[in-house]
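Notes follow the structure.
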Amino acid sequence: MNSVLSRMGRIYGVLRKTHHVYVVPLFVAVLFGFLRTLVAVSMALDHVFFPRLNRTKATRPIVLVGNPRTGTTFLQRFLSDNGFGAGMELFLMLYPSLLLQKMLSPVLPLLEKLSPAKFHSTEAHQTSLSSVETDDVGVLFRYLDGFFLYGFFLSFEERDALRQFDPRVRDTSARDYGWLDALWRRSLVLHGAERNIAKLFSVSVRIPSFLERFPEAQILYMARDPLSIIPSANSLVIGVLDRAFGFWSLPEDVKKRWLDRMYQAWILLLQKFHEDWTTGAIDKSRVYVVRYDRMMLDLENVMAEICTFLGKELTPELKATVQKQADKQRAYESEHKYNLAKYGLTEEQIRKDCAFFYDTFLPPWAPPGSNGDSLKKSA
């Protein structure tokens with residue numbers, strides 16, 4: 001597990017044994033090796049062709065943290081679009097050198113046709129090479145490591161590898177933070193921005209070390225009902241696996257094993273943050289908890305609080321934009337309904353296993369203008 005080559009071999013083992021894919025991964029491995037070498041050389045040259053890079057520091061990132069499907073994508077893109085800072089497009093994480101980005105930008109439409117994002121873009125989560133995306137992908141592209149590696153590949157192995165992604169067992173924080181710093185500095189140079197707007201669900205399990213490495217960082221932690229996020233996250237990942245390999249056609253025991261393991265992975269992300277929060281390991285003055293139900297039904301007040309937390313002026317123009325988005329959200333009704341039984345889950349099981357999260361982060365709340373009878377734990 002300690003080298004890119006060993007992880008590459010494990011990925012190939014999963015593709016061969018579980019998905020019966022034999023040849024294509026070998027070509028992808030060669031391409032990955034070539035791209036990794038090209039990126040390393042190009043990033044070294046960045047310091048020559050972009051002297052501003054040597055003076056740029058990514059010291060004050062705004063980082064959205066939380067399980068997938070908690071509203072992180074919406075808020076990251078909303079903040080990026082409205083002048084809070086710069087989010088990183090998927091293109092910048094796949095080709096992180098400023099020099100490469102300048103050279104490849106004219107052929108971006110062609111690269112879109114070869115992009116892995118085509119397996120991931122759905123109505124529930126639209127993405128492309130030019131979309132602002134989760135910074136965890138940058139770690140995956142660089143090291144073939146992280147929770148993405150587990151969810152899409154290693155969770156299929158006969159021996160469960162989840163503990164290898166728990167920082168209490170195997171901590172890759174120093175490596176990952178160093179790489180993120182290199183990416184963020186280049187993003188600031190490219191966008192001419194002062195702050196990064198990052199999205200890192202993997203930081204849920206290591207907030208204390210992240211805040212130590214980036215002492216001026218500010219965290220927006222996204223909290224949503226586990227009854228919504230767990231089946232929704234499963235659906236999102238399975239959608240990619242099904243389009244790429246035919247997940248639902250796998251043997252029943254393989255599907256059940258994967259579903260059981262991913263359930264534990266989603267719980268781990270919630271548990272570790274909760275543990276650090278309740279034991280005082282996290283400086284709470286540097287974290288603002290964003291409830292998904294409040295963000296959907298009371299965006300005006302949520303954004304006012306976020307602006308205060310981040311030290312950002314709520315200008316008349318921004319206030320008008322927030323109001324327009326808030327009205328749109330209150331009128332929106334999701335068509336996505338998830339059958340828990342499809343994922344081997346029950347409401348009773350999730351509520352029991354996530355009781356700690358409900359009690360701490362999702363106490364009863366009612367939207368403004370509603371009566372007391374509408375109090376609810378989450379949306």
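Computed from the coordinates by the stated procedures, all read-outs in this text should not be read as laboratory data. Model, not experiment: these values are computed from the prediction. Neighbour counts run over all protein chains shown; Cβ positions are idealised from the backbone, glycine included.
A few remarks follow.
- Annotation: for a label point projected 7 angstrom from Cα along Cα→Cβ of residue 349, residues of segment 141-182 with backbone N closer than 20 Å are 151-152, 155-163.
- Centre separation in Å (Cα based) which lies between segment 222-285 and segment 288-347: 21 Å
- Pair residue 171, residue 283: separation of 7 Å Cα→Cβ label points (nm): 1.7 nm
- For 8, 88, 295, the sequence from fewest to most other C-beta atoms within 10 Å is 8, 295, 88.
- Rounded to two decimals, the Cα radius of gyration of segment 185-282 over 2.2 N^0.38 Å is 1.39.
- Inter-label distance for residue 110 and residue 314, nm, one decimal - labels placed 7 Å from Cα along Cα-to-Cβ: 4.9 nm
- GNM remark for the chain: springs join alpha carbons under 10 Å apart, and the peak mean-square fluctuation among 155, 105, 235 falls on 105.
- Remark on the chain: Rg and Dmax equal 20.8, 64 Å (Cα only).
- For the residue pairs 199/319; 256/337; 255/352; 17/352; 199/328, the C-alpha atoms sit more than 29 angstrom apart in 17/352.
- In sequence order, calculated HN-Hα J values of segment 275-283 (Karplus, 6.51, -1.76, 1.60; Hz; x Gly/Pro): 4, 5, 5, 7, 8, x, 6, 9, 6
- Between amide H atoms placed 1.01 Å from N, distances below 5 Å from residue 221 occur with 65, 288, 289, 290, all of them 5 or more places distant or on a separate chain.
- For trypsin sites (Lys or Arg not before Pro), the sites in segment 166-221 that DSSP calls loop and that have at most 10 other Cβ atoms within 10 Å are 168.
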